[in-house]
1. Identify, from the list F50, F23, F28, the residue that is open to solvent by 10 Å² or more (accessible area, probe 1.4 Å) and of a type in the set (F, W, Y).
2. Failed condition for V24, given (1) farther than 25 Å from D150 by Cα; (2) at pLDDT 95 or above; (3) part of a loop (DSSP other than H, G, I, E, B), with all others met?
3. For the stretch 53-97, how many residues meet the condition of being open to solvent by 60 Å² or more (accessible area, probe 1.4 Å) and touching a Leu at 6+ places or on another chain (Cβ under 6 Å)?
4. Is it the case that K243 is touching a residue at least 24 places away in the same chain (Cβ under 8 Å), over 18 Å from S153 (Cα atoms), open to solvent by 80 Å² or more (accessible area, probe 1.4 Å) and among the basic types (K, R)?
5. Residues I214, I254, I205, I233: which one is over 18 Å from the mean Cα position of the chain (by Cα), under 30 Å from E47 (Cα atoms) and among the hydrophobic types (A, V, I, L, M, F, W, C)?
6. Within the stretch 166-182, can you find the residues that are outside any loop (DSSP other than H, G, I, E, B) and over 21 Å from L154 (Cβ atoms)?
7. I'd like to verify a number: residues in the stretch 205-223 that are among the charged types (D, E, K, R) and surrounded by 11 or more Cβ atoms within 10 Å (Cβ to Cβ), how many?
8. Condition first: touching a residue at least 60 places away in the same chain (Cβ under 8 Å) and outside any helix (DSSP H, G or I). Can you find one or more residues in the stretch 146-153 that meet it?
Amino acid sequence: MSEVGIIVMNLKNNLDFKKFAQFVDQKFPGANVIVASTQKHKVALTEYVFDTDNADEVLNCLIKKVESKKLVIVREFDNNNFEPIHDVYMGIKKDNQICLLTKRTNKVKAFFVKLCQLIIHFMFGYNLMEGSLAYVAFGEVPFDILKQTDNPSLYTKIDKWSGIDIKMIEASKTPKVKFKPNLKNNIIRMSCMLVAFLTPLLLWIFVKYIQKSIPLKLLAVFVMALCFSLIVIEVLIMVTKLKIGDNTYESAEIKNEAISPKD
């Protein structure tokens, strides 16, 4: 078993395999490296080809295939600078650590981030990872837990860990990972709640009988307050989904496999 496994999300097929192979030979000799693509390439590394670009489904499939003590997940990369992969890996000093990159923020932004974290934790029971999800390294303990989880992709994006030290390495530049969650049902629910909010409001404005009835006005206030609260919750759910994507238990199927000549 190798010391470290590296999963590279190359679902846009823009990885410079030659440069990356050279980087791996220099920094990670003997590492178990897996590249996930949607097209087959002539590679000097192990490559799995999928017919989906859903990174979470791909990770659910690949995490259990990595035979190593530690894991580095690369969601986004710069072909001219692969060093952050090595940085987060070297940031793992203990078996119970998770390491990722982060940028220094001013006090005002840090306050709102903390407030947002409190709200999300109250609603969903977890925190968002405060750093960049482009490069995330997992020590032996969290990686072992990921391999035993049905939906490991979710736990690579959120902080619902107990007894795990999440370490942040400050970087001048951190890539943003863009997720494409399915928001159709959320938008439909929010639209329905918006209609339910506006209906008593318009009736209050245009129907004189309601204007003169205190019980009906109280009922209208209750309905509007309830709908407004539900709209706020739905907005928070959508914002969270945009930050971390969907939670899926689905596992992508491997279409093709190219094995490194070294294997």
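The values are calculated or read from the model by the stated rules, or taken from the named source; none is laboratory data. Quick caveat, the model's predicted, so the values are computed rather than measured. Please note: Cβ atoms are built from the backbone with ideal geometry, for glycine as well, and neighbour counts cover all protein chains shown. Please note that ligands, DNA and RNA were not included when accessible areas were found on the heavy atoms of the full protein model with its side chains. Shrake-Rupley method; radii C 1.70, N 1.55, O 1.52, S 1.80 Å.
1. Details: F50 fails: open to solvent by 10 Å² or more (accessible area, probe 1.4 Å); F28 fails: open to solvent by 10 Å² or more (accessible area, probe 1.4 Å).
Every option except F23 fails the conditions.
2. (3)
3. The number of residues fulfilling the criteria is 1.
4. Values: touching a residue at least 24 places away in the same chain (Cβ under 8 Å): yes; over 18 Å from S153 (Cα atoms): no; open to solvent by 80 Å² or more (accessible area, probe 1.4 Å): yes; among the basic types (K, R): yes.
When the stated conditions are applied, K243 does not pass them.
5. Details: I214 fails: under 30 Å from E47 (Cα atoms); I205 fails: under 30 Å from E47 (Cα atoms); I233 fails: under 30 Å from E47 (Cα atoms).
I254 is the lone residue from the list that is over 18 Å from the mean Cα position of the chain (by Cα), under 30 Å from E47 (Cα atoms) and among the hydrophobic types (A, V, I, L, M, F, W, C).
6. So the first thing to find is which residues in the stretch 166-182 are outside any loop (DSSP other than H, G, I, E, B), and the list is 166-170.
Residues satisfying the conditions are I169, E170.
7. Of the residues in the stretch 205-223, the ones among the charged types (D, E, K, R) are 208, 212, 217.
Going one step further and asking which of them are surrounded by 11 or more Cβ atoms within 10 Å (Cβ to Cβ), we end up with 217.
The total comes to 1.
8. Going through the stretch 146-153, the residues touching a residue at least 60 places away in the same chain (Cβ under 8 Å) turn out to be 146-147, 150-153.
Then drop every residue that is not outside any helix (DSSP H, G or I), which leaves 150-151.
Yes - at least one qualifying residue is present in the stretch 146-153.
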